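What follows draws every value from the coordinates through simple rules; no lab data is involved. These numbers come from a predicted model, not from an experiment. Every residue, glycine among them, receives a Cβ derived from its backbone with ideal geometry; neighbour counts consider all protein chains shown.
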Amino acid sequence: KAGVTQTPRYLIKTRGQQVTLSCSPISGHRSVSWYQQTPGQGLQFLFEYFSETQRNKGNFPGRFSGRQFSNSRSEMNVSTLELGDSALYLCASSPRVQYEQYFGPGTRLTVT
Amino acid sequence: TQLLEQSPQFLSIQEGENLTVYCNSSSVFSSLQWYRQEPGEGPVLLVTVVTGGEVKKLKRLTFQFGDARKDSSLHITAAQPGDTGLYLCAGEYNNDMRFGAGTRLTVKP
């Protein structure tokens, strides 16, 4: 089976802009979760989607949003980017909610 | 304070040495997972432990889940440079997955 894919792999944006990241889960996986990873805070949960519904959301501001499509592909959006949003954004899929996570390679976002 | 505390934070050893890293919490988990992450990549699932007292072996890696299901350990025998990476433990808590800060292991040839 093909693994989780994320696009783009690298992104440079300016403060105040918005960004959309994309994730394609492993075939058959209906749960998709997003995480933010930074050296200071480690890996932090953003949100999880299952069957196009947001199941849970981590402690992040409303500038962070996401959605899941009927084919389980998912996107996350960050509006009004801040310097502190610079991070590795990881997508993970799973065959069921809150189960073993299969991660993609991540999108490295740099905000200048 | 992290829900899952991992120790040590950093570990640098020579090839062939043995090591143990720990994942501790004051909360009970229904299961814990261990992942390894290499630079520039996403974490890769190594194992899931479910039953208190459970021991699982994956080649030179031995994982143990504490009897009370609040802690876990990872022991590596005869470490190799290919074991270098960030080792993360994770568990479900209040409907989201929580990760420890990780142990960054460097194995020198």
Q) Can you spot a residue in the range B:58-70 that is at the interface with chain A (Cβ under 10 Å from one of its Cβ atoms) and either without any contact (Cβ under 8 Å) to a residue 12 or more places away in the chain or within 24 Å of A:ASN56 (Cβ to Cβ) (or both)? A) no
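For the range A:37-52, name all the residues that are free of Cβ contacts under 8 Å to residues at least 60 places away in the same chain and assigned to a strand (DSSP E or B). Give the derivation first.
Let us first name the residues in the range A:37-52 that are free of Cβ contacts under 8 Å to residues at least 60 places away in the same chain, namely A:38-52.
Selection gives A:THR38, A:GLY42, A:LEU43, A:GLN44, A:PHE45, A:LEU46, A:PHE47, A:GLU48, A:TYR49, A:PHE50.
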Q) Could you give every pair whose Cβ atoms fall below 6 Å, whose first residue belongs to the range B:29-42 and is at the interface with chain A (Cβ under 9 Å from one of its Cβ atoms) and touching a residue at least 60 places away in the same chain (Cβ under 8 Å), and whose second residue is of a type in the set (Gly, Ala, Ser) and assigned to a strand (DSSP E or B), counting only separations of at least 6 or pairs across chains? A) B:GLN37/B:GLY85
Q. Which condition does B:THR48 not pass, out of (1) assigned to a loop (DSSP other than H, G, I, E, B); (2) touching a residue at least 12 places away in the same chain (Cβ under 8 Å); (3) closer than 26 Å to A:ASN56 by Cα, if it passes all the others?
A. (1)
Q: Taking only the range A:74-85 into account, find how many residues are surrounded by 16 or more Cβ atoms within 10 Å (Cβ to Cβ) and either at the interface with another protein chain (Cβ under 8 Å from one of its Cβ atoms) or of a type outside the set (A, V, I, L, M) (or both).
A: 3
Q.
Exactly one of these conditions fails for A:ILE12: (1) in contact (Cβ under 8 Å) with a residue 60 or more places away in the chain; (2) assigned to a loop (DSSP other than H, G, I, E, B); (3) away from every other protein chain (no Cβ under 14 Å). Give me its number.
A. (2)
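Looking at the structure I just gave you, is A:ALA92 in contact (Cβ under 8 Å) with a residue 40 or more places away in the chain, more than 9 Å from chain B (Cβ to nearest Cβ) and not aromatic (Phe, Trp, Tyr)? Even if it seems obvious, please write down each step before you answer.
Numbers: in contact (Cβ under 8 Å) with a residue 40 or more places away in the chain: yes; more than 9 Å from chain B (Cβ to nearest Cβ): no; not aromatic (Phe, Trp, Tyr): yes.
Criteria not met by A:ALA92.
Out of the range A:37-66, which residues are surrounded by 16 or more Cβ atoms within 10 Å (Cβ to Cβ) and away from chain B (no Cβ under 11 Å)?
Restricting attention to the range A:37-66, the residues satisfying the condition of being surrounded by 16 or more Cβ atoms within 10 Å (Cβ to Cβ) are A:37, A:42-50, A:55-58, A:60, A:64-66.
If the condition is that a residue be surrounded by 16 or more Cβ atoms within 10 Å (Cβ to Cβ) and away from chain B (no Cβ under 11 Å), then A:TYR49, A:PHE50, A:PHE60, A:PHE64, A:SER65, A:GLY66 are the ones that fit.
Only one of B:GLY102, B:GLY85 is closer than 24 Å to A:GLN6 by Cα and within 11 Å of chain A (Cβ to nearest Cβ); which?
Details: B:GLY85 fails: within 11 Å of chain A (Cβ to nearest Cβ).
Only one candidate qualifies: B:GLY102.
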(Q) So, in the range A:23-36, how many residues would count as being part of a loop (DSSP other than H, G, I, E, B) and surrounded by fewer than 22 Cβ atoms within 10 Å (Cβ to Cβ)? (A) 5
Q: With the condition kept exactly as written, say whether any residue in the range B:41-61 is acidic (Asp, Glu), in contact with a strand residue (DSSP E or B) (Cβ under 9 Å, 6 or more places away or on another chain) and under 29 Å from A:ARG9 (Cβ atoms).
A: yes
